[in-house]
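The values are calculated or read from the model by the stated rules, or taken from the named source; none is laboratory data. Keep in mind the model is a prediction, meaning the values are calculated, not measured. Backbone-built Cβ (ideal geometry, glycine too); neighbour counts: all protein chains shown.
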Amino acid sequence: MQASEVIALCREYSLFEWGTQEVNPLPIDRGEGCYLYTMDGRQILDFNSIAMNVNIGHGDSRVTEAVTKQMEKVSFVSPFMVTEVRAEVAKKIAEVTPPGLTKSFFTLAGSDANEAAVRTARLVTGKKKILSRYRSYHGATHQVLALGGDPRREPVEAGMGDIVRIPDPYHYRFPWITDEKEFCKFNLEQIKQIIQLEGPHTIAAVIVEPITGSNGLIIPPQGWLSGLQDLCKQNEILLICDEVMSGFGRTGDWFAVNHEGVTPDIMTLAKGITSGYLPLGACVVSDQIADAIHDRPLGSGLTYQSHPVALAAASATIPIYETDGLIEHSRDMGNYLLEGLADLASRHACVGDVRGSGLFTAIELVYDQETRLELFPLTGPASEADQQMRKVFADEGLACALRGPYLFANPPLIVEREQIDWALSIFDRALDIADSATASAGAPLPSHSQ
């Protein structure tokens, strides 16, 4: 088929996610390393790992071979049956996750992993309320979409019930306390008060992304996550850490919780577990929770639980992080990328903040660096500058994510300096456009602020 025919047929017979059906999708033929190739031969640098999940890069034959080998043996069995690959991957996850997390419930994605986490927390505690942050996203299924604070929750707002919001540890958006340690203490005190007002005896769990992903890549102050864990322990509340996006080397360590030495009660995984080659998620529980549910019905299940072919992709992917030194490479290239982003910030009035850990980085765009007014809204019609920036990226062959005021830079963990340098040169041109929409350029206030 020609590219135009593929696009036409997909538009006619399939639906696209989240937005309207007025889309202009790229017809992709293949992927290799950090690059995608369209059906008409264009090369595109994937600077967002598609959905921050293709951590090992595209087209790794080791995964393809493992999947093929498994399919030649058996492609599907009942979740009540076991396979060699299920045993291998479950054991490997117990080895690479923080000590004390030993049993995995395998799902199809991060959404149902988080669903299982919430149900399990309620089951073992006998309590119902779940605390979550405003700037959060935990998946697209009915319950966890409502659980997240992301604006995408609005169609199912009342879907889950018993959700209580807690404030984000978002220091850039709280400039009144300049000292990071003081801000951390203040934020945890707010959460403590919410717990007391809601009643600890009613709260089953707190769920957080250790580093917020698609809602702005918010990195908490050092000590915040361990402080949150202390609050949970003091009040007999479970801590669920959603590592769907931040896990598997993305932050320069196996998992974001490792940066503070935190072992949550439940950890959820997906994305990097197979590098997106096949759908797979996992809800990993502590020894204590495993013991608590041993003699009671789990209350979670699905037809494709522990799917052997998806697990085969994981069995090949997870060792690659070790054999290819990708976690160390993520740390090194992440430092290099952050230096480049900081250089852009020094030259562009539109850049309010640069933040990141490993190859998990973002720029926050502002209308005015002093007032920190966001340049683009998270929801609503795109401004002219937003559209022009996207056109630069598309014309130059750079696949990256611009979501509201956040410009993400999250390439595969195999990225090299030359690719980072080239991508930043395109960012530089796009940020010139953003500069023209700022207060320093004499531009009017953005419409979302009026």
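Descriptive notes on the structure:
- Hey, V257 surrounded by fewer than 24 Cβ atoms within 10 Å (Cβ to Cβ) and under 18 Å from T102 (Cβ atoms) or not: no
- Restricting attention to the stretch 27-59, the residues that are surrounded by fewer than 21 Cβ atoms within 10 Å (Cβ to Cβ) and either under 24 Å from W254 (Cβ atoms) or free of Cβ contacts under 8 Å to residues at least 60 places away in the same chain (or both) add up to 17.
- Sole exception among (1) closer than 29 Å to E374 by Cβ; (2) part of a loop (DSSP other than H, G, I, E, B) for K185, by number: (2)
- Which listed residue, of I56, I50, is part of a loop (DSSP other than H, G, I, E, B) and within 30 Å of G261 (Cα to Cα): I56
- Qualifying position, being in contact with a strand residue (DSSP E or B) (Cβ under 6 Å, 6 or more places away or on another chain) and under 26 Å from E88 (Cβ atoms), among S330, S306: S306
- For the stretch 395-412, the set of residues classified as assigned to a strand (DSSP E or B) and farther than 23 Å from D332 by Cβ consists of L402, R403, Y406, listed by residue number.
- Any hit, the stretch 424-439, residues being within 22 Å of the chain's Cα centre (by Cα), surrounded by fewer than 17 Cβ atoms within 10 Å (Cβ to Cβ) and more than 30 Å from G325 (Cα to Cα): no
- Within the stretch 1-21, being under 30 Å from the mean Cα position of the chain (by Cα) and either not assigned by TED's automatic domain parsing to the domain that holds T379 or not in a loop (DSSP other than H, G, I, E, B) (or both) holds for V6, I7, C10, R11, Y13.
- Hits in the stretch 190-212 - residues which are part of a loop (DSSP other than H, G, I, E, B) and surrounded by 15 or more Cβ atoms within 10 Å (Cβ to Cβ): E209, P210, I211, T212
- The stretch 255-277: number of residues that are within 17 Å of Y321 (Cα to Cα) and more than 14 Å from the chain's Cα centre (by Cα): 3
- Count - residues of the stretch 213-238 that are modelled with pLDDT of 95 or more and part of a loop (DSSP other than H, G, I, E, B): 10
- V262 being of a type outside the set (D, E, K, R) and not in a strand (DSSP E or B): yes
- Residue within the stretch 385-408 that is touching a Lys or Arg at 6+ places or on another chain (Cβ under 9 Å), acidic (D, E), without any contact (Cβ under 8 Å) to a residue 40 or more places away in the chain and surrounded by 14 or more Cβ atoms within 10 Å (Cβ to Cβ) present: yes
- Flag for V144 being closer than 27 Å to T379 by Cβ, modelled with pLDDT under 95 and part of a helix (DSSP H, G or I): yes
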